[in-house]
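Trainee: Please read through the structure below; I'll follow up with questions.
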Amino acid sequence: MDNYEPKPYQKFDWEEYNRKSAIEKEQYEKISKEIQETQERSKQTLANLEITFKNLDEAKTQARQTVDNIDKFKKQFSDAMDKLLENIGRSMGANNIKSDEQNPKTAQEVTVEQASKLITKNVLILCGAGLSYASGIPTFRGKDGYWTKGEDTFECQKVLTNEFLTNNPDLCWEWHKDFQKMLINKKPNAGHIAIANYKKKNPNTLIVSQNIDNILTSILPQKQIKHGHYESIYEIHGNIKYMRCMKECTLKKDELATLYDMPDLTKNLRPKCPQCGEDARPHILFFDESYTNENCRIQELQEKYDNYDTIIVVGTMLETGCAKSTVCKFIKKKAIIIEINPEPIIEVGNTYQIKGKSEEILPKLLK
């Protein structure tokens, strides 16, 4: 303690302190202002980005809607053109198979024996709903053209449309379930068997069927081009035994559609595509659809017509585009036409009519 020497008293420099404090305060205020301005700019940038993203989302939505509208318009336009062409074809077909002042009747009624002598080696057999009628299959026209479900009655030609399937899927599948159930005990009749036996003896015979019931197909030679597509028959309206993807997920242009076995609809009313999981659809040609190479080999079929000089038309009113145009083609090239119908309708061309039931006539004609 004796060595302690107090430091000399130093006077506090308030002026220097105030000067430094002022400088620090100025710097603090400057930094605070810059931070605040940065925050404001960031907020504005975020707000602008939010508006930009919102505008982008709206633009994407509008673009998506535009694409959807374009696709919808293209489909509607395509469908309209298909229907227009089909109506034109029907009109032309009607003029070509019916007689009038400019187109006199040339068809003549003959016996089965007389007709059998007219058949050449290259025969096309065109089958309509009348072929399966004796097996208990409705024709979907006239009194058979209606389906009753509960208290409601529907026209089959309305139920069997892509539009109805899209808007009323459960009800459309109910029709197919009832049709599938009806087919369980149905068997080939004598007409089916006669055609199948004739095909086996004459492999070159071209069979074209408008029926979806699978009855004739089931007794023909079963060589498949692809699952559900048979070499022995052109099923231009499809086959109830099969289904395909509603979205056509495996569809490739000019390649046969990928088909799957139809499940038991009493256990699975709305089956899914095994490939992509989307809804499936029956492999049949709906009344509001057009023929395609992928589903019915239409181009391949038409290219074969020139190789055939006899057509046997069985049980059809020729009210579908392909059937009518096929007959018109044979009329034009002056081929032999043998029509089997209770009430024949082909009145022109080199046509020979046999009035009666196909299950009675075909076994005698196709010996």
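Trainee: Of these, PRO271, PRO344, PRO263, which one is in contact (Cβ under 8 Å) with a residue 24 or more places away in the chain, within 30 Å of TRP175 (Cα to Cα) and not charged (D, E, K, R)?
Mentor: Of PRO271, PRO344, PRO263, the one residue that is in contact (Cβ under 8 Å) with a residue 24 or more places away in the chain, within 30 Å of TRP175 (Cα to Cα) and not charged (D, E, K, R) is PRO271.
Trainee: Still on this structure: Take ARG270 and decide whether it is among the basic types (Lys, Arg), under 22 Å from CYS156 (Cα atoms) and part of a loop (DSSP other than H, G, I, E, B).
Mentor: yes
Trainee: What about ASP288, is it of a type in the set (Asp, Glu) and free of Cβ contacts under 8 Å to residues at least 40 places away in the same chain?
Mentor: Spelling it out, it is not the case that ASP288 is of a type in the set (Asp, Glu) and free of Cβ contacts under 8 Å to residues at least 40 places away in the same chain.
Trainee: Inside region 175-210, can you point out the residues that are under 19 Å from PHE287 (Cα atoms) and either open to solvent by less than 20 Å² (accessible area, probe 1.4 Å) or free of Cβ contacts under 8 Å to residues at least 40 places away in the same chain (or both)?
Mentor: Answer for region 175-210, where residues must be under 19 Å from PHE287 (Cα atoms) and either open to solvent by less than 20 Å² (accessible area, probe 1.4 Å) or free of Cβ contacts under 8 Å to residues at least 40 places away in the same chain (or both): TRP175, HIS176, ASP178, PHE179, VAL208, SER209.
Trainee: Looking for whichever is at pLDDT below 95, of a type outside the set (D, E, K, R) and in a loop (DSSP other than H, G, I, E, B) here; the options are SER99, SER135, SER78, SER91. Which one fits? Steps first, answer last, please.
Mentor: Details: SER135 fails: at pLDDT below 95; SER78 fails: in a loop (DSSP other than H, G, I, E, B); SER91 fails: in a loop (DSSP other than H, G, I, E, B).
Of SER99, SER135, SER78, SER91, the one residue that is at pLDDT below 95, of a type outside the set (D, E, K, R) and in a loop (DSSP other than H, G, I, E, B) is SER99.
Trainee: Check every one of the strands (runs of 3 or more DSSP E) wholly within region 191-263 and list those with 1 or more residues that are of a type in the set (Gly, Ala, Ser) and touching a helix residue (DSSP H, G or I) at 6+ places or on another chain (Cβ under 7 Å).
Mentor: The strands (runs of 3 or more DSSP E) meeting that bar are 206-209, 238-245.
Trainee: Tell me the residue from GLU289, GLU319 that is farther than 18 Å from LYS117 by Cβ, open to solvent by 10 Å² or more (accessible area, probe 1.4 Å), at pLDDT below 95 and not in a helix (DSSP H, G or I), please.
Mentor: Testing whether each residue is farther than 18 Å from LYS117 by Cβ, open to solvent by 10 Å² or more (accessible area, probe 1.4 Å), at pLDDT below 95 and not in a helix (DSSP H, G or I) leaves just GLU319.
The values are calculated or read from the model by the stated rules, or taken from the named source; none is laboratory data. Owing to the predicted nature of the structure, the values given are computational and were not obtained by experimental measurement. Cβ: placed from backbone, ideal geometry, glycine included. Neighbour counts: every protein chain shown. In case anyone asks, the SASA skips ligands and DNA or RNA and just uses the protein heavy atoms, side chains included. Shrake-Rupley method; radii C 1.70, N 1.55, O 1.52, S 1.80 Å.
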